[in-house]
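J.: Have a look at the structure that comes next, please.
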Amino acid sequence: MRDRVVVVEAPGRVGLVEQDPAPLRPGTFRVRTLFSGVSAGTELSYVKGTNPYLNVTWDADLGLFRPGEPSTPYPVTRLGYMQVGRVVESATPAVAEGSVGAMTYGHRTGWVADPLAERFVPLPADLDPLLGVYVAHMGPICANGLLHAAAELHGTDVRSLGDGARGRRVAVVGGGVVGLLTALLARRHGAASVVVLDPTPQRRQAAEALGLETLDPDADDPAVVLKTRWAHTAGDRGADVVFQCRGQAWALHLALRLLRPQGAVIDLAFYQGGAESVRLGEEFHHNGLSVRCAQIGRVPRGLASVWDRERLSAETIDLLRGDGDVIRKHLVTAVVPFDDAPALLTDLAERRRRELQVVLAV
């Protein structure tokens with residue numbers, strides 16, 4: 001059986017390519033895909049042509065984008081990082097044949113993996129395997145946000161994800177998948193209040209169905225609403241921490257306005273078009289605020305040996321065990337056949353279709 005792979009051939013052009021399966025080498029294992037989740041931010045940036053890797057060179061040694069050959073030119077042949085597969089062959093005792101696990105090998109129907117080079121996170125038998133799309137990467141992105149909030153308070157002495165949320169007033173800007181999972185994690189880890197802010201009615205409805213409070217940033221000024229409600233001492237009002245999960249400049253500006261003085265925005269967004277309209281001379285300057293990027297490429301300094309990706313995946317599984325039923329019902333808005341992926345991704349990129357979470361089923 002040949003493998004089918006989703007490929008972005010050029011901006012706006014997505015196709016399926018058939019490939020001969022790779023041979024099973026000693027020490028490797030073969031998986032057949034069960035489910036493959038779509039990341040509407042990162043993946044669509046390749047379909048729309050807005051990802052910086054498409055246009056310039058990423059110098060990993062210097063940590064800089066520089067003029068030169070694109071780091072990821074078209075065609076993009078490895079798209080996506082939310083896969084669940086069943087092991088159908090194994091040439092390593094490290095991974096058992098028949099086991100089901102979460103991986104990050106992109107939208108394809110089959111894959112041969114080396115467990116020394118790639119993560120395979122076994123899924124517990126009591127977890128809906130469809131929800132496993134969150135376990136290897138997307139859930140850890142959100143858990144890493146809470147970890148950064150904890151590090152803002154405790155430095156390297158972080159014992160629990162709750163160290164940054166427990167008893168605190170939490171605002172989440174953006175009601176997409178990252179925002180909603182982050183809000184659920186904050187609630188699960190003891191936040192005193194969690195409010196999700198998003199201008200899209202469908203996203204607010206999903207958040208409310210998950211049991212989360214919402215505010216419409218286009219209605220009454222949410223900064224006034226929350227700073228009136230969340231008082232600390234005289235002249236000290238607002239959110240203890242804001243998780244910024246929508247990659248638009250207005251969202252970062254709003255996140256800064258929601259914070260109490262000397263608070264921190266934990267930023268999980270991907271600003272594909274930059275953030276030129278963020279006004280750093282206003283609340284950011286006058287309230288002594290901070291913005292902390294919490295992308296999954298790194299955990300807070302000094303915590304990598306304790307809070308590795310495996311632990312963040314374990315935190316994700318814990319969340320899914322507790323809230324999996326409502327996540328499956330209200331966050332996963334479409335399950336479509338794998339072969340429909342090209343039309344689906346194109347429709348999402350062109351905004352002809354709007355979904356919270358789409359999962360491709362093989």
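The values are calculated or read from the model by the stated rules, or taken from the named source; none is laboratory data. Everything numeric in this text was worked out from a predicted model, so none of it was measured. Cβ: placed from backbone, ideal geometry, glycine included. Neighbour counts: every protein chain shown. For the accessible areas, the whole protein counts, side chains as well, though only heavy atoms, and no ligand, DNA or RNA atoms are used. Shrake-Rupley method; radii C 1.70, N 1.55, O 1.52, S 1.80 Å.
J.: Provide 286, 189 ordered by accessible surface of protein heavy atoms (probe 1.4 Å), highest first. Kindly include the intermediate steps, with their values, before the conclusion.
T.: Details: 286 140, 189 30 Å².
Solvent-accessible surface, decreasing: 286, 189.
J.: Using the Kirkwood radius over C-alpha pairs as Rh, can you work out the diffusion coefficient of segment 67-148 via Stokes-Einstein at 25 °C, viscosity 0.890 mPa s, in µm² per second? Write down the numbers at each step before the final one.
T.: Numbers: Rh = 14.3 Å.
Here the translational diffusion coefficient equals 171 µm²/s.
J.: State whether segment 218-296 is rounded, prolate or oblate according to the following rule on the C-alpha gyration tensor (a ≥ b ≥ c being the square roots of its eigenvalues): a/c under 1.5 gives rounded; otherwise a/b larger than b/c gives prolate, and the remaining case gives oblate. Show your work: numbers first, answer last.
T.: On the way: a/c = 1.78, a/b = 1.58, b/c = 1.13.
Prolate.
J.: Here is a follow-up. Using the C-alpha atoms of segment 93-199, what convex hull volume per residue, in cubic angstrom, is computed?
T.: Working: hull volume 15.9 nm³, N = 107.
Per-residue hull volume (Cα only) is 149 Å³.
J.: To continue, here is another question. With springs only between Cα atoms under 10 Å apart, run a GNM on the chain and tell me which of 100, 241, 88 wobbles the most.
T.: Among 100, 241, 88, the largest GNM mean-square fluctuation belongs to 88.
J.: Relative contact order (percent) for the chain, with alpha-carbon contacts under 8 angstrom and 6 or more residues of separation?
T.: On the way: 794 pairs, mean separation 62.5, N = 362.
This gives 17 percent for the chain.
J.: On C-alpha positions alone, give me the angle between the axis of helix 177-188 and the longest principal axis of the chain, in degrees, nearest 10.
T.: 60
J.: Ignoring ligands, DNA and RNA, what percent of the accessible area of the chain is carbon or sulfur (1.4 Å)? Kindly include the intermediate steps, with their values, before the conclusion.
T.: Details: 7890 of 16030 Å².
Heavy-atom surface of the chain belonging to carbon and sulfur, 1.4 Å probe: 49 percent.
J.: Residue 228 accessible area, nearest 10 Å², 1.4 Å probe?
T.: The accessible area comes out at roughly 100 Å².
J.: Still on this model: Which ³J(HN,Hα) values in Hz, rounded to whole numbers, follow from the phi angles of segment 247-258 under the Karplus curve 6.51 cos²θ - 1.76 cosθ + 1.60, where θ = phi - 60° and Gly and Pro get x?
T.: x, 9, 4, 4, 5, 5, 4, 4, 4, 5, 5, 7
J.: Continuing with the same structure: Quick one: helix 309-330 against the long Cα principal axis of the chain, what's the angle to the nearest 10°, folded into 0 to 90?
T.: With rounding to tens, the tilt is 80 degrees.
J.: On a C-alpha basis, how far is the centre of segment 193-207 from the centre of segment 44-109 in Å? Whole number, if you could?
T.: 30
J.: Here is a follow-up. Using the Karplus curve 6.51 cos²θ - 1.76 cosθ + 1.60 with θ = phi - 60°, what ³J(HN,Hα) values do you get for each residue of segment 209-218, in whole Hz, with x for Gly and Pro?
T.: Karplus-based 3J(HN,Hα) across segment 209-218 equals 5, 7, x, 9, 6, 10, 9, 8, x, 8 Hz.
J.: Also: Please report how far the C-alpha centroid of segment 233-284 lies from that of segment 6-30, rounded to the nearest whole angstrom.
T.: Here the two parts' Cα centres lie 40 Å apart.
J.: Hey, another quick one. Ignoring everything except DSSP H segments at least 4 long, calculate the 222 nm mean residue ellipticity for the chain; use -39,500 (n - 2.57) per segment, divide by total residues, nearest 500. Walk me through the numbers before you get to the answer.
T.: Working: 9 runs with 98 residues, N = 362.
Mean residue ellipticity, 222 nm, calculated: -8000 deg cm²/dmol.
J.: Mind putting a number on the dipole of the chain about its Cα centre? Charges go on the C-beta only, +1 for Lys and Arg and -1 for Asp and Glu, and I need it in Debye to the nearest 20.
T.: Working: 39 positive and 41 negative charges, 62 e Å.
Result for the chain is approximately 300 debye, rounded to the nearest 20.
J.: Give me the net charge for the shell around residue 160: Cβ to Cβ below 10 angstrom, other residues only, Lys and Arg +1, Asp and Glu -1. Write out the running numbers ahead of the final one.
T.: Numbers: positive: 159, 166; negative: 163, 315.
Neighbour charge sum, excluding residue 160 itself: 0.
J.: Roll a 1.4 Å probe over the protein heavy atoms and report the accessible area of residue 187 in Å², nearest 10.
T.: Its heavy atoms expose roughly 90 Å² to the probe.
J.: Whole-Hz ³J(HN,Hα) for each residue in segment 14-23, computed from phi via Karplus 6.51 cos²θ - 1.76 cosθ + 1.60 with θ = phi - 60°, x for glycine and proline: what do you get?
T.: 10, x, 10, 10, 8, 9, 5, x, 5, x
J.: Tally Lys/Arg at +1 and Asp/Glu at -1 over every other residue whose Cβ is under 10 Å from the Cβ of residue 103; what's the total?
T.: 0
J.: Hey, if you put +1 on the Cβ of every Lys and Arg and -1 on every Asp and Glu Cβ in the chain, which of 57, 256, 103 ends up farthest toward the positive end of that dipole?
T.: 256
J.: I've got another one for you. Rounded if a/c is under 1.5, else prolate if a/b is larger than b/c, else oblate: which is segment 145-292, with a ≥ b ≥ c the root eigenvalues of its Cα gyration tensor?
T.: Values: a/c = 1.24, a/b = 1.04, b/c = 1.19.
Here segment 145-292 falls in the rounded category.
J.: If you don't mind, another one. Roll a 1.4 Å probe over the protein chains and send me the accessible area per residue for segment 158-198 in Å². Don't skip to the end; give the middle numbers.
T.: Values: 1000 Å² over 41 residues.
That works out to 24 Å² for each residue.
J.: Next question. Which order do you get for 160, 36 if you rank them by accessible area with a 1.4 Å probe, largest at the top?
T.: Numbers: 160 30, 36 0 Å².
Correct descending sequence by accessible area is 160, 36.
J.: In degrees from 0 to 90, rounded to the nearest 10, what is the angle of the helix 138-154 Cα long axis to the longest principal axis of the chain?
T.: Around 40 degrees separate the two axes.
J.: As a test of reading the structure, rank 142, 293 by solvent-accessible area (1.4 Å probe, protein chains only), most first.
T.: Numbers: 142 0, 293 90 Å².
If we order 142, 293 from most to least accessible, we get 293, 142.
J.: If the viscosity is 1.306 mPa s and the temperature 10 °C, what Stokes-Einstein diffusion coefficient in µm²/s follows for segment 4-118 when Rh is the Kirkwood radius over Cα pairs?
T.: Working: Rh = 15.5 Å.
Translational diffusion coefficient: 102 µm²/s.
J.: Right, another one. Taking amide H atoms as placed 1.01 Å from N in the peptide plane, list the residues 5 or more away in sequence, or in a different chain, whose amide H sits under 5 Å from that of residue 291.
T.: Under 5 Å from the amide H of residue 291: 265.
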